[in-house]
1. Looking at B:82, B:21, B:87, which is the one that is in contact with a strand residue (DSSP E or B) (Cβ under 7 Å, 6 or more places away or on another chain), away from chain D (no Cβ under 14 Å), more than 23 Å from residue D:67 (Cα to Cα) and not aliphatic (A, V, I, L, M)?
2. Of everything in the stretch D:289-311, what is surrounded by fewer than 19 Cβ atoms within 10 Å (Cβ to Cβ) and at the interface with another protein chain (Cβ under 7 Å from one of its Cβ atoms)? Give them in sequence order.
3. Go over the candidates D:60, D:48 one by one and state the one that is buried (at least 23 other Cβ atoms within 10 Å of the Cβ) and touching a residue at least 12 places away in the same chain (Cβ under 8 Å).
4. Of the numbered conditions (1) of a type in the set (Gly, Ala, Ser); (2) within 14 Å of ligand 1 (Cβ to nearest atom); (3) closer than 24 Å to residue C:55 by Cα; (4) away from chain D (no Cβ under 12 Å), residue C:155 fails exactly one; give the number of that condition.
5. For the stretch D:31-56, give me the residue count where each residue is assigned to a helix (DSSP H, G or I) and out of contact with any Cys (no Cβ under 8 Å at 6 or more places or on another chain).
6. Between a residue in the stretch C:105-119 that is more than 14 Å from chain B (Cβ to nearest Cβ) and modelled with pLDDT under 95 and any residue that is part of a loop (DSSP other than H, G, I, E, B) and surrounded by fewer than 24 Cβ atoms within 10 Å (Cβ to Cβ), which pairs come within a Cβ distance under 9 Å, given they are 6 or more apart or on different chains?
7. Which condition breaks for residue A:91 when tested against (1) in contact (Cβ under 8 Å) with a residue 12 or more places away in the chain; (2) touching a Pro at 6+ places or on another chain (Cβ under 9 Å); (3) not aliphatic (A, V, I, L, M)?
8. Just the residues that are within 21 Å of residue D:162 (Cα to Cα), charged (D, E, K, R) and surrounded by fewer than 18 Cβ atoms within 10 Å (Cβ to Cβ), please, taken from the stretch B:33-58.
Amino acid sequence: MKRLGIAEALREGIRQEMARDERVFCIGEDIAIPGGWGGAFTVTLGLEKDFPDRMLNTPIAENGFMGIACGAAMMGLRPIADVQYSDFLFCAMDQVCNNVAKMRYMSGGKAKVPMVIRAPVGVTGRGSQHAQNMETFFMPLQGVRIACPATAYDALGILRTAVRSDDPIMIFEHKLLYGSKGARAESGAFDASSDIPDEDYTVPIGKAVVRKEGKDITIIGTLLMMHRALQAAEQLEKQGISAEVIDPRWLVPFDLETVRKSVRKTGAVMTVEESAKQGGIGAEIVATIVEEMSDDLKAPPIRLAAPNTVVPFAPPMEKFYIPQVEDIVDAAKKLLN
Amino acid sequence: MKRLGIAEALREGIRQEMARDERVFCIGEDIAIPGGWGGAFTVTLGLEKDFPDRMLNTPIAENGFMGIACGAAMMGLRPIADVQYSDFLFCAMDQVCNNVAKMRYMSGGKAKVPMVIRAPVGVTGRGSQHAQNMETFFMPLQGVRIACPATAYDALGILRTAVRSDDPIMIFEHKLLYGSKGARAESGAFDASSDIPDEDYTVPIGKAVVRKEGKDITIIGTLLMMHRALQAAEQLEKQGISAEVIDPRWLVPFDLETVRKSVRKTGAVMTVEESAKQGGIGAEIVATIVEEMSDDLKAPPIRLAAPNTVVPFAPPMEKFYIPQVEDIVDAAKKLLN
Amino acid sequence: MSDNKYSLEFLLEMYRKMVLIRQFEDRVKFLFLEGIMPGTIHQCQGQEASAVGVCMALNEDDVITSTHRPHGHAIAKGVSIQSMMDELFGKITGCCKGKGGSMHIGDLDKGMIPAVAIVGGNIPLATGAALAFKMRKEKRVAVSFMGDGATNEGAFHEAVNMGAIWNLPVLYVVENNLYGASTPVGMVVRTKNISDRAAIYDIPGVTVDGNDPIAVYEAAQEAVARARRGEGPTLLELMTYRITGHSRRDPALYQPKDEKQRAKENEPIGRFRKYLVGNDLTSADVLDKIDAEIEEEIEKVVVQAQKAADPKPEDALEDMFVESI
Amino acid sequence: MSDNKYSLEFLLEMYRKMVLIRQFEDRVKFLFLEGIMPGTIHQCQGQEASAVGVCMALNEDDVITSTHRPHGHAIAKGVSIQSMMDELFGKITGCCKGKGGSMHIGDLDKGMIPAVAIVGGNIPLATGAALAFKMRKEKRVAVSFMGDGATNEGAFHEAVNMGAIWNLPVLYVVENNLYGASTPVGMVVRTKNISDRAAIYDIPGVTVDGNDPIAVYEAAQEAVARARRGEGPTLLELMTYRITGHSRRDPALYQPKDEKQRAKENEPIGRFRKYLVGNDLTSADVLDKIDAEIEEEIEKVVVQAQKAADPKPEDALEDMFVESI
Ligand SMILES: Cc1ncc(C[n+]2csc(CCOP(=O)(O)OP(=O)(O)O)c2C)c(N)n1
Ligand SMILES: Cc1ncc(C[n+]2csc(CCOP(=O)(O)OP(=O)(O)O)c2C)c(N)n1
Ligand SMILES: [Mg+2]
Ligand SMILES: [Mg+2]
């Protein structure tokens, strides 16, 4: 058992998986330059010392290297491809959406694409092109699975699951959750470290977790918003409202059963997300809940989200853009009235 | 007054706008090759004769020419950029999502990007990489407006609106609605022609239209699904169910008022869409309706959509994938029970 | 053409494969125009020599990737024409179980990754396959077939650059048929040869008569050998011409008549026949017999394909993931 | 460096601009390290000569696009340093009203499109601006600044190809500082010079000492003249070095010590001082005075920026569209 932040947990996971299975390799920009940073957020720091032939530093060419990873995966390797900021996935959409996601289906089930894509998300003072919660944009995509680990425990467990899976899995990580010390200290960084068991555990695909039990309202959120929801739940508790906080961990497939159990109990549900409301993750979750469990609902579900704007830079506007703990508290109270 | 199909109506509109305003130009692949096809679906056929200097045939380089169009638009021109199939927008996501959509906001309102993007959508026997209803993927994007004209009247009116707008507007057109004759005849093609007035009319941004009035249920769908909804409404009528069919025409901004009026009357609402349910357009519409007008709802809204799979090729599977008229009828009846 | 260093068996195999492709394509075109076959097609009549010449330089366990125009490559690489015809008809017995269709033909068991219909999109895949071979120290080679038009896509630049800097065993084979869809290559590329593009990646670039299967074969062999020796990629430009429309129903009016005429005279099969017969390597009768055998073979394939079972509608739900949850 | 054909005024202007950039950057770095300034930064200390040399060859109504590292280009093109400093502080008076931040600095009134933080993403934009100039028959020129790393992105290839085939008045200016983030250029580009890449587009490619503002100016002037004559783009590679970290807090340990040392000795401002004083074109005193004036100017700018008003939180909702519905 040891205490690790998300960046360290991921690094540990990658190291273990590479040691366990020589088909695993990492590919991305600046991931393994001696004297460098181990990618944009230190996750792969130093791994080139252990695996000099399996840490591939690429040119700045996201579409190219995602396609290369896809080709290598089809030939039986197990690439872990990362982009420095999830926003850069826009450059690689063709390969990810048209090839990685579809190769298996198009081949009638013959091809396998055992590939992991890692991408940091979150609104973090860098302006609108380094801020997008790109998991939202992949919700309509068929053929990939999507994970959003909010704790170091989950990050490691999900990483293991993803590397071992025969299917393509995208892991969206949050910049403010990697760790709150050293090179990763950021204004707003949040401690998401966990006690990591020594055993080789995994986090099963599509399994949500109830982070806090409650009986009055169900709050669903991932990544940073999950942590804000937990803080809001604490405050609500003080005000006599018992909130249950669900961390889906996987957006695709989505664990409807865990939500159903909760909604049966609370009858009220809200989603919280960091990107714009329009076409957001909350839309899918709310629409599904309404279709599937309307009998259990005492009030219409609400979506708390960012406004429908591009992400602004200046701190006061940025703060306004991202749902804050107080916003969650207020919305929950409004919903219960 | 004359009768035109969508392809001719768009051609007419582009021709008129180019004649009216010399800042307007077209850019795309194979759009103006003598002896060629006028793009993949004949929309720009022959325009190079009238405007030899303003019809730009590009190399196959979607990201590049979308960015070029964006740069030209910022300098005051008014590009109409098209991709041959909307699927190829995945190649151009970076320019569309990171630049076209954000330039104005990032510049604090100084930049203007008066640009039109045209893209054919629809599942039409071409396999999974020429089949995607890409409008879905742009729903989370902030900074562009999204239109889906289902008739020739609307196609022309929206085209004019889009060209004259100072903001970026994406027009998603349906392959099976371009026309049902000659080079555009396709199996499954549907006559979407209209009587086109001689006046210079436009279709205002964000205004939906009620295609058929009804009092029992509201059905919302765009493009081909709108036509299927109309056919379903006819059948329902015979079975004593009065369906109101709304064609939003614009997905962004969405005309909630027209929907509200309808739902007040019917109390029941369903969406129909051609792509996978997960993260679809129906999700956004349903979630919004639930938040905004739950008091008027007699039953939870439902989303009729394709299953959560990649688009298959073989006709029986393809037919299974796309919502059919009977599926709409069945779903409507189920909703009303 | 080259001198007499190949066995007759080899040359007839070359001939047979080219004719198999031609007849397959002609028959498919007919089925389309008759309205019997669903979907859309992009065909390679006139470009048979490049597919055959390159693939005959490959081993069975080498891998190719292809484009929206994949039939010739698939046949040359050994994908069963029955499974291809079945796929075109959307049958469950198709090489992609009816899920792919014409533009995604492929069969991993035969060393062909499902074709990619996004222009340029297959180039990174082949590069990635080559990366896998290199990392596993296998002596296999990957080939990316592409059109002239594809070399203007960013994907080309990104992938070839990585193939080069990592010295991967990959061939970038450009079938320059002078058009990208309806667009003449001279309108979108300024240099004389597309193979000139190799220089900026510091890899060899070669332009070859793509309608001469032996010339193609020899150039491919050299590039394959180089790749197997660990010396990295080659950009091979094969000059050819599409003597059919770009896709279903394209009358190709953008191609000048005299150019078309010259191209027909230069099409690889007729030329190869002349070479074989003219040099007394074989007789017209022998070749005609091959033609007739293939005709029969294809006839059978079509009959069987039409009889084959359709997938069930709900089969659409299968084959999404390896692991079901 | 070149001989004495420039007026002292011109040379001092060159010097002044480079020092303005350097001091702006140094001051901003300090403000960041102090934790006073929000966001993140990519700075251009050591690369001042390229920004200044190129922009001095431009007219006011010419247009530039820039990257994640845009401060130098903005200052060289004439964007007000007050509006830039305000933007970095996220103030409503910033050149993007606080909506852009460091990576999106720009001012269309000064001929600078908001900078694009997606590597390579600005290259098509500059090409498109040039297209507009050409279509309107204006004699204006567009410049795309980019790093060495950007030339590996597909966007580079696609845009430069179109710039070339359409003969657009655009300069592709590659500031080759030997690293893309932490990655040495030799790891990701195989040819000796990035300017070699010009050949495949059939446009001129030139490599110049990017730390010599006069050499840069002259190369840019020639390319600009060519562009204005309607003869199309030039790829200009300017050899330089970043003598600061890639971004906030980067100690740049991946840069070898001796390389860093040599680079410091070769940095453009010190070199230019030596040139000016060594050739008796001016005295160290004159230059020191310029330095001091700039220091004062920047001090004022910082004070004013800190006093400037923050945007209101709800201002986030503005500036999405020109037309409100
Ligand atoms: C990214 C993308 N853009 C456009 C198309 C439409 N399209 C299909 S084939 C083709 C032309 C391809 O030309 P080339 O690469 O020379 O191959 P050829 O068709 O000549 O074999 C085009 C533009 C596409 N499939 N993918
Ligand atoms: C598409 C994309 N990929 C990756 C990054 C992250 N990133 C920012 S700057 C940079 C290095 C850029 O190198 P170069 O083009 O040489 O410019 P320099 O930083 O040296 O000025 C990288 C990889 C990015 N911003 N955009
Ligand atoms: Mg071609
Ligand atoms: Mg650099």
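1. When all the criteria are applied, what remains is B:82.
2. D:310
3. Testing whether each residue is buried (at least 23 other Cβ atoms within 10 Å of the Cβ) and touching a residue at least 12 places away in the same chain (Cβ under 8 Å) leaves just D:48.
4. (4)
5. Residues flagged as assigned to a helix (DSSP H, G or I) and out of contact with any Cys (no Cβ under 8 Å at 6 or more places or on another chain) within the stretch D:31-56 amount to 10.
6. none
7. (2)
8. B:53
The values are calculated or read from the model by the stated rules, or taken from the named source; none is laboratory data. Model, not experiment: these values are computed from the prediction. Quick reminder, even Gly has a Cβ in these numbers, built from the backbone with ideal geometry, and neighbours come from all protein chains shown.
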